[in-house]
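Values in this text are rule-based calculations from the coordinates and carry no lab data. Here the structure is a predicted model, which means the values were calculated and not measured. FYI the Cβ positions are ideal-geometry reconstructions off the backbone, even for glycines, and counts take in every protein chain you see.
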Amino acid sequence: MTGPAAGVNMMGYATMDQSTAGIHFRLRARTFAIAESSQGPRFAFVNLDAGMAEQLVTIKVLERLKSRFGDLYTEENVAISAIHTHAGPGGYLQYLVYSITSLGLMHQSFDAIVNAIELSIVQAHNNLKPGSIFINKGDVENAGINRSPSAYLLNPAEERARYPNNVDTQMTPLKFFDGANKKSIGAFSWYATQEELTKKIDYRPVYLNFTNIEVELDGNNVVKTCTAALGPGFAAGTTDGPGAFGFQQVSEMSLCLQIKKLWRKLRDLLKEPTHYQVQCQMHGR
């Protein structure tokens, strides 16, 4: 699913300066199809070499699967995820905030991803065979760093006390083995030993609106989640790179004062936030 090799804005860093200029590695869609039996419950999990999965991509893939398999694969038993690379082509996302830097939809990029997912699921479907699945948890040290150690220190002491470091080192590997020759077919990650999964195969799709969910904190203090928004921290950068000019991460100031006048004007041209949105995002009410 590599798509256009040059001249397409990459998805992830939200900058128009980052565009494809050749092929370093081929990008792929990889699918595991898991079934209880030929007639029993089944699901397909697709992992993309892309920045993120996307709603319109999923809709088009499901339309194609329906024409091939009827109701065998639907939105309830097909999961499409991505490795979150920032080095793959963009232009395949339907929402404005993700499409600004790619200057809209790029059909070459979109079609390449949809085609790859469809063919990957078809190949997995046609290669179903008896096998085993193993899962485990373990710690992998020195595999990454905290991108904002100073911000992490603002977490409550009891939260930080749950971990020995400022990164979570736990890994959960999931491995698939061929039932005939016991050889490894693939994995989501890896570790030394795994416990075999022996329960029945099934799936539980859940659709949840994360806006205005009530959450009870210590002391019977009930708060609600906020409507989605991009705050100053979104563009303020991290320890591995600077952000856009005019943004900074601070904790003791009004949300509006953290955003320079130029950016506030540009924001308000699109949609001015309500007082409730500002207060909720700033204070978590």
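Per DSSP helix of 4 or more residues, -39500 (n - 2.57); summed, then divided by the residues of the chain. What does that give at 222 nm, rounded to the nearest 500? Could you put the intermediate results ahead of the total?
Details: 8 runs with 70 residues, N = 285.
Value at 222 nm, helices only, nearest 500: -7000 deg cm²/dmol.
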Cα-based Lys proximity count in the chain, under 14 Å, for pairs eight or more positions apart or on separate chains: 4
Sorted by Cβ density within 10 Å, fewest first, the residues Tyr73, Tyr276: Tyr276, Tyr73
Tell me which DSSP H helices of the chain clear both cut-offs, 20 Å or more of axial length from alpha-carbon atoms and a mean Kyte-Doolittle hydropathy of at least -0.5. 55-69, 107-126
Long-range HN-HN contacts of Leu174 with modeled amide H, under 5 Å: Phe188, Ser189
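List the trypsin sites (Lys or Arg not before Pro) within the range 117-189 that fall in a DSSP loop (any state other than H, G, I, E or B) and whose Cβ has at most 11 other Cβ atoms within 10 Å.
Working: sites: Lys137, Arg147, Arg160, Arg162, Lys175, Lys182, Lys183; in loops: Lys137, Arg147, Arg162, Lys182, Lys183.
Hits after loop and neighbour filter: Lys137, Arg162, Lys182, Lys183.
For the range 6-128, what is the relative contact order in percent, using Cα pairs closer than 8 Å and at least 6 residues apart in sequence? Numbers along the way, then the final one.
Values: 221 pairs, mean separation 40.9, N = 123.
Rounded, it is 33 percent for the range 6-128.
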Taking only the alpha carbons of the range 39-167, what extent do you get along each of the three principal axes, in Å, biggest first? 54, 45, 22
What's the extension gain from Leu269 to Val140 if we count 0.36 nm per residue and subtract their Cα-Cα distance? 41.8 nm
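Please list the three semi-axes, largest first and in whole Å, of the ellipsoid equivalent to the range 1-68, using sqrt of 5 times the eigenvalues of its alpha carbon gyration tensor. Kindly include the intermediate steps, with their values, before the conclusion.
Details: eigenvalues 196, 34, 24 Å².
The three semi-axes for the range 1-68 are 31, 13, 11 Å.
Using only alpha carbon pairs under 8 Å that are at least six residues apart, calculate the relative contact order of the chain and give it in whole percent. Write out the running numbers ahead of the final one.
Working: 450 pairs, mean separation 42.6, N = 285.
Taking the mean separation of contacting Cα pairs over the length of the chain, I get 15 percent.
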Rank the residues His84, His24, His125 as a footprinting-exposure proxy: fewest other Cβ atoms within 10 Å of their Cβ go first. His24, His84, His125
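DSSP loop GluC sites (Glu not before Pro) in the range 100-204 with at most 10 other Cβ atoms within 10 Å of their Cβ, which ones?
Values: sites: Glu118, Glu141, Glu158, Glu159, Glu195, Glu196; in loops: Glu141.
Passing sites in the range 100-204 are Glu141.
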Determine, from the Cβ-Cβ distance of Val167 and Glu75 and an R0 of 41 Å, the FRET efficiency 1/(1 + (r/R0)^6), rounded to the nearest 0.05. 0.75
Distance-filtered residues of the range 91-126 - backbone nitrogen under 15 Å, label point 7 angstrom along Arg68 Cα→Cβ: 112-126
